[in-house]
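> Handing you this structure, nothing more for now.
The values are calculated or read from the model by the stated rules, or taken from the named source; none is laboratory data. Given the structure is predicted, the values throughout are model-derived calculations rather than measurements. Please note: Cβ atoms are built from the backbone with ideal geometry, for glycine as well, and neighbour counts cover all protein chains shown.
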Amino acid sequence: MQEPSLHKKSLGNLLAAKSGIQGGEMLLVALLQERWGLAVGQVRHWLQLPGLVCPLDYNDPVTRQHISIRCSPCYTIIQIDSKEFFFLRESGRFDGTGVMWKGEDSMMPAAIARCREDCIQRSR
């Protein structure tokens with residue numbers, strides 16, 4: 001019997017094949033891994049450690065909103081359409097909001113231009 005290719009195997013099947021664990025024992029291992037992850041998460045929450053996020057660009061087909069998450073050296077920035085929310089990267093604490101202008105720069109209202117420049121400076 002030919003062994004399936006590596007990319008078609010699940011992590012659980014790989015662990016079972018490598019360790020010789022079968023059936024009910026594999027379920028026990030999966031349950032222990034889940035409980036361990038939950039315990040570690042509760043300790044991190046108790047210590048008030050910030051969560052980790054990865055950069056993301058997402059267009060919601062239902063609400064037609066564009067959602068973006070990006071990181072700068074100092075901030076994690078969550079953008080929903082043109083509104084930006086800044087979180088300090090080291091602590092996860094909310095630091096403020098900004099507005100992203102999507103039109104021509106020459107047509108940008110002065111208040112938005114000042115806000116945009118401030119946001120750009122803060123994210124560097």
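> Can you give me the ranges of the strands (runs of 3 or more DSSP E) entirely in region 10-124 with at least 1 residues that are touching a strand residue (DSSP E or B) at 6+ places or on another chain (Cβ under 8 Å), modelled with pLDDT of 85 or more and β-branched (V, I, T)? Explain how you work it out, then say what you get.
On the way: elements: 56-59, 66-71, 75-80, 83-88, 94-99.
Where strands (runs of 3 or more DSSP E) fall fully within region 10-124 and carry at least 1 residues being touching a strand residue (DSSP E or B) at 6+ places or on another chain (Cβ under 8 Å), modelled with pLDDT of 85 or more and β-branched (V, I, T), they are 66-71, 75-80, 94-99.
> Could you say which residue among E90, E84 is surrounded by 15 or more Cβ atoms within 10 Å (Cβ to Cβ) and in contact (Cβ under 8 Å) with a residue 24 or more places away in the chain?
Working: E90 fails: surrounded by 15 or more Cβ atoms within 10 Å (Cβ to Cβ).
Exactly one of E90, E84 is surrounded by 15 or more Cβ atoms within 10 Å (Cβ to Cβ) and in contact (Cβ under 8 Å) with a residue 24 or more places away in the chain, namely E84.
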